[in-house]
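Here is the structure we will look at.
The values are calculated or read from the model by the stated rules, or taken from the named source; none is laboratory data. Remember, predicted model here, so these are calculated numbers, not experimental data. All Cβ positions, even for glycine, are placed from backbone atoms using ideal geometry, and neighbour counts span all protein chains on display.
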């Protein structure tokens, strides 16, 4: 399982949120990452923070999109994070073997 986490902060019934989730699900079929949808209406703090900015998409806790997700740009960002994670994992293994 990948350590890459994609979170969508949205609201129930939001058409833009549904569109973003569909695109993310489509990409998830091709790339390994965890996908979490967060309903901001269930938390007063999140609702206050994101109510005017849904959906807001984070990739590994970094804001990646607001209002709309572009599929090709999303793929690029996920691929970049997966590559960074792979390089980091290889680097840790090298350090372990060289110790």
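A few remarks follow.
- Screening residue 23 with (1) surrounded by 12 or more Cβ atoms within 10 Å (Cβ to Cβ); (2) out of contact with any helix residue (DSSP H, G or I) (no Cβ under 8 Å at 6 or more places or on another chain); (3) under 20 Å from residue 79 (Cα atoms) gives one miss only, at (2).
- Flag for residue 36 being within 10 Å of the chain's Cα centre (by Cα), at pLDDT 95 or above, surrounded by fewer than 15 Cβ atoms within 10 Å (Cβ to Cβ) and in a strand (DSSP E or B): yes
- Which numbered condition residue 82 fails, given (1) modelled with pLDDT of 95 or more; (2) surrounded by 15 or more Cβ atoms within 10 Å (Cβ to Cβ): (1)
- Per the listing 25, 19, the residue uniquely part of a helix (DSSP H, G or I) and under 12 Å from residue 6 (Cα atoms) is 25.
- Candidate set: region 51-65, residues that are under 12 Å from residue 10 (Cβ atoms) and either surrounded by fewer than 16 Cβ atoms within 10 Å (Cβ to Cβ) or at pLDDT below 95 (or both); chosen: the one farthest from the chain's Cα centre (by Cα): 51
- For residue 14: the one exception among (1) out of contact with any strand residue (DSSP E or B) (no Cβ under 7 Å at 6 or more places or on another chain); (2) under 16 Å from residue 77 (Cα atoms); (3) surrounded by 13 or more Cβ atoms within 10 Å (Cβ to Cβ): (2)
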